[in-house]
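No lab work stands behind these numbers, since they all come straight from the coordinates. Everything numeric in this text was worked out from a predicted model, so none of it was measured. Note: ideal-geometry Cβ built from the backbone for every residue, glycine included; neighbour counts use all protein chains shown.
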Amino acid sequence: MTLKRGRLSTEDEEFILSNFNSMSIDEIASTINREAETVKRYIRNKKLSLVRTKEEEETHERLLATLRQRPYWSELKKTLFDDEIIYFEQNWINFILDLAEDISFAEELILADWIVTRILHLRSMQQQKAAMDEITRIQRELTQAYAGDKDDPQVLATISAGETQLAMAKSSVAQITRDADKLFKQAEHMHKSLKTDRQERRDIKTTADTYWDYVAQLDNEKFLKEEGRQAELMRLAAKKAKLKLMENHKYLDGEVSPVLLSDDSILLDDEDEEYGEDTHLE
């Protein structure tokens with residue numbers, strides 16, 4: 001099979017971006033019918049990193065576990081092939097990360113449908129490629145048959161069969177192309193709908209009461225973790241400041257007086273007045 005040359009198509013680039021973390025360069029090159037060096041050069045030019053930090057790896061695994069617990073996941077596994085499952089996982093995780101994990105369940109369902117539609121579109125593109133390869137093969141055989149003896153019944157039968165196959169193959173390509181275009185438009189519509197829903201939700205959040213906006217953000221695990229960290233830092237700072245304010249004040253002459261605003265010192269002063277004890281420390 002002759003490898004494609006020239007610039008990478010949009011579909012080729014999308015496939016590389018979606019699979020460079022889960023497939024080898026040779027596997028990607030074989031799938032999109034390109035030279036491995038072409039794929040490697042694209043990855044290098046885009047400065048795509050195959051290595052994730054420990055934190056990125058933990059986030060990736062956490063989101064992957066979250067996806068596999070979704071109610072729609074079991075149904076997806078029944079309809080997608082293994083390589084398509086990997087494609088879905090990578091796109092879902094990358095999209096969620098791009099949104100900083102700020103996505104509603106309704107938006108998530110649109111996202112799932114969008115990725116599935118993209119997968120179906122890729123299937124159609126692969127079918128289209130296979131059909132085009134079949135047309136090339138038939139045309140090559142017909143060229144050889146046309147050069148043969150036209151009076152030979154076998155040659156004529158070969159030509160007749162080849163022309164019939166060619167017509168069927170061309171019709172198949174036309175139908176596959178129409179289906180692919182339809183899926184592409186559906187994917188565009190879903191993506192636009194997802195962007196519109198998110199924009200409307202952002203507008204609502206902008207005008208919403210601060211309290212409810214904050215409560216909504218608590219569903220974001222990353223936000224919740226950071227808020228907990230900040231709360232703990234504030235607690236420690238308040239404790240340190242309280243201890244500082246409760247320290248006794250020492251005058252220049254060496255006399256020490258308790259802090260008047262301290263509840264403990266006020267209680268202590270009351271007790272000292274009752275029992276006639278001296279509260280000043282040397």
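Taking the Cα atoms of the range 10-210, the ratio Rg/Rh between the radius of gyration and the Kirkwood radius comes to 1.13. Before anything else, pin down the relative contact order of the range 10-210: Cα pairs under 8 Å, at least 6 apart, normalised by residue count, whole percent. Relative contact order of the range 10-210: 19 percent. Using a simple spin-label model with pseudo-atoms 7 Å out from Cα toward Cβ, D26 and Q69 lie 3.9 nm apart.
Projected label points at L3 and E37, each 7 Å from Cα along the beta carbon direction, are separated by 0.8 nanometres. Here the Debye sum runs over all C-alpha atoms of the range 9-50 as equal scatterers in vacuum, and log10 of I(q)/I(0) at q = 0.20, 0.30 Å⁻¹ comes out as -0.49, -1.20. Look at the dipole of the range 10-210 built from charges on Cβ: of L63, L142, Q126, the Cα furthest out on the positive end belongs to L63. How many angstrom lie between the C-alpha centres of the range 219-241 and the range 150-186? Distance between centres, Cα-based: 67 Å.
Under 19 Å of direct C-alpha separation, and excluding same-chain neighbours fewer than eight residues apart, K185 reaches these lysines: K195. A straight Cα-to-Cα reach below 22 Å connects K40 with the lysines K4, residues fewer than 8 places away in its own chain not being considered.
Give, as a single signed number, the net charge of other residues whose beta carbon lies under 15 Å from the beta carbon of F88, with Lys and Arg counted +1 and Asp and Glu -1.
Details: positive: R68, R70, K77, K78, R118, R123; negative: E14, E75, D82, D83, E84, E89, E108, D113.
Value of the local net charge: -2.
Relative contact order for the range 104-172: 34 percent, from Cα pairs under 8 Å spaced at least 6 residues apart, divided by residue count.
Quick one: length gained pulling A238 to Q126 fully straight, 0.36 nm per residue minus the C-alpha distance? Numbers along the way, then the final one.
On the way: separation 112, 0.36 × 112 = 40.32 nm, distance 6.31 nm.
Taking A238 through Q126 to full extension adds about 34.0 nm, to one decimal.
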